[in-house]
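Participant: Sharing a structure here in structure tokens format.
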Amino acid sequence: MEVILLSKEWRVRHFYIDETFIPVWEEFKQICEREGSSASEKVREFVERYVIVHAHGNPQIRIDKFIELTRSLKTCFFCQGTFPVLKKVEYVSGLIAPTCESCLQRNVGKGSLSTVKKVLGAIT
């Protein structure tokens with residue numbers, strides 16, 4: 001039996017896996033070997049990256065971006081859907097309302113019964 005002395009002091013750590021995970025673990029070790037590294041090396045790399053990313057809290061997209069997006073959306077008078085751009089439409093009744101393209105087409109599509117008088121422009 002040959003004993004190999006390592007220049008560094010190594011401490012063995014353990015982690016536990018479910019029996020159903022064993023085939024995945026074995027395949028992981030084979031992939032690591034094929035790629036010229038060890039499973040231990042890959043686990044250490046993962047842990048280091050994880051600590052770097054999560055050291056100051058869970059990385060997440062700030063809700064400010066979503067709030068700003070919703071502020072920029074306009075609401076259609078008819079369907080109450082929210083859209084980045086609506087049409088300002090004058091109707092035969094005198095109503096001037098923000099209207100989405102779908103509702104505008106539905107109203108225009110009524111032919112002689114159309115309630116649309118004219119499109120006044122876009123609301124952005």
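All of the numbers you see were taken from the coordinates with simple rules; none came from a lab. If you're wondering where the values come from, they're calculated on a predicted model, not measured in any experiment.
Participant: What pairs in Lys74/Lys117; Lys87/Lys117; Lys74/Lys118 have C-alpha atoms more than 18 Å from each other? Let's see the in-between values first.
Facilitator: On the way: Lys74/Lys117 21 Å; Lys87/Lys117 13 Å; Lys74/Lys118 20 Å.
Among Lys74/Lys117; Lys87/Lys117; Lys74/Lys118, the Cα-Cα distance tops 18 Å for Lys74/Lys117; Lys74/Lys118.
Participant: Mind checking the full-extension length gain between Val53 and Thr20? Use 0.36 nm per residue of separation minus the Cα-Cα distance, one decimal, nm. Walk me through the numbers on the way to the answer.
Facilitator: Working: separation 33, 0.36 × 33 = 11.88 nm, distance 2.90 nm.
Length gained between Val53 and Thr20: 9.0 nm.
Participant: Is the shape of the range 68-123 rounded, prolate or oblate, going by the alpha carbon gyration tensor and its root eigenvalues a ≥ b ≥ c, with a/c under 1.5 for rounded and a/b larger than b/c for prolate? Display every interim value, and only then the final one.
Facilitator: Values: a/c = 2.63, a/b = 2.02, b/c = 1.30.
Prolate shape, in that a/c is at least 1.5 and a/b is the bigger ratio.
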